[in-house]
Structure formats: structure tokens, C-alpha cells
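Since the structure comes first, as C-alpha cells, the remarks are kept for the end.
The values are calculated or read from the model by the stated rules, or taken from the named source; none is laboratory data. Keep in mind that this is a model prediction, so the values were computed, not measured. Cβ coordinates were reconstructed from backbone atoms using ideal geometry, including for glycine residues, and neighbour counts include every protein chain displayed. We work out accessible area using only protein heavy atoms, side chains counted, and drop any ligands, DNA or RNA first. Shrake-Rupley method; radii C 1.70, N 1.55, O 1.52, S 1.80 Å.
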Amino acid sequence: MSIQRWLKTHLTRSNESDRADARSIVLSLGPASRFPHQIRCACAKPESMSRVLAWCAKCLFLYLLVAILAIKFAWIFVLPVWAIATKMHWTTVSKFVFLLNYFLPIFAASGFLLGLVPFGRLGKAVTELAPGMARFVEPDRIPAVLLAWIPVSIAFLVRFFTWESRNASVLGANNTVGRVTRFFGTLNSQTPALFDTRWAQDRFLFTGPMLFLMACALGALLRYAIVGRPAAPEPFSSPDL
């Protein structure tokens, strides 16, 4: 009996000693170590929200910029191609007809070439010249140019599926083939059932910018595959306590 009582007393004292040691270790680390996730979330939330809003603003800005280019400065992209095609006797149409016929492929090709331009190096040069501008030109985790086509694509799909022909009785005017021809086809492929007063507006406001930004994203992806992506900013973390 004395041996059993001694073992029980010894084990009880050992357990109490171990619990006291563990309690002292936790208290020495402080409250920040017991709840690290709460501190990180509370500190990182405003920073992450501001970055998300800035990234969305960049996407919308890129779309608006491309839409302005398509509406106001379409000749800049089409005129050189028309001049070469006329000189080589590939076409005899006027500049205006050539613009309406071939604006979409020319504008998309321009977006692809623009995506190959390393604008990240320009941002580094800006930060070296003006360090105070670093927070405005810092690289994003996902560059806005890769997903800037999503807003205009959503708007295009809404317009694509809600469009109705002026003459619905014409066979094929409102089916999928007719819609594709209306939004992507050349001027020569349009019929009276497909051509309306908003044909050019849809072309320069929705279809053109969407193809431009999609091609620009493909060009940027190709450039990243060849030369690598720019360094992304490190995630926000609380200082060690």
C-alpha cells in the first residue's frame, strides 16, 4: 500500500509541475502569440481592400482608355494598314469602308503587340526617378492587363444576347450565326436585317475593346513566358513580437 501511495503522489506532483511549466511558457509569449491570426487579419484587411479596389480601378481604366482609342483614334491603327494595302494593290476601297471592314482584326493585332511591350520596366524607371510614386506603380500579384477584358466581355455578352433584329421575320436574323455575323463580320457581310443604327457603336464600344484587351492579355502572357513576370509585392504581415 505504501508503494502505491508513493507512486500516486509522485505522478500527481509531476503532472502539476508540467502544467505549471506550460502555463509559464504561454504567458511569457504574450497574447499576440496566442492569437496571431486575429492580429494579422485586423492589420491586413484595410491594406488588402485598398489593393483590390485599386486593381479593379486599373481594369476599368484600361477598358475606358481602349474604348476612347477605338472611338476617337481608330484611324491611327487602320490608316497605315490601308496605305500599305492600297500601295500594294490589295484593295481599292476607300478609307472609311476599309475601316468598317477591317477595324476589328487590326485593333486586336494592335492589342497583341501592345501586350508584348514591357511596361513594368517603365514603372521601375518612374520609381527610381520619383520614389514617392512607388505605391502607385508597384506591380500587382495579378497584373490588371491580364483580366481587364472581363468587364467589357460581360457588357458585350449582355448586348450580344439582348440584341434583336429590326426585321425579325428574316430567316436567321436573330439566331447565333446572325448575331456572330452582326458583331464580328465585315461590312460586306451585313444584311438589312443585321445592319442598324447602333451597328458601328457596338463595334467600337464593345467588340473592338474586348478583342483588343483579350489580345493584349495573350501578348502579356507570351511575354511573361519568355522573360518572366515582374516581382510581385510581398504579402502584408505583422512584425514579429
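Checked against the criterion of being modelled with pLDDT of 80 or more and open to solvent by less than 40 Å² (accessible area, probe 1.4 Å), the candidates 195, 206 yield just one match: 206. Across segment 77-96, the number of residues qualifying as surrounded by 15 or more Cβ atoms within 10 Å (Cβ to Cβ), of a type outside the set (Phe, Trp, Tyr) and part of a helix (DSSP H, G or I) comes to 4.
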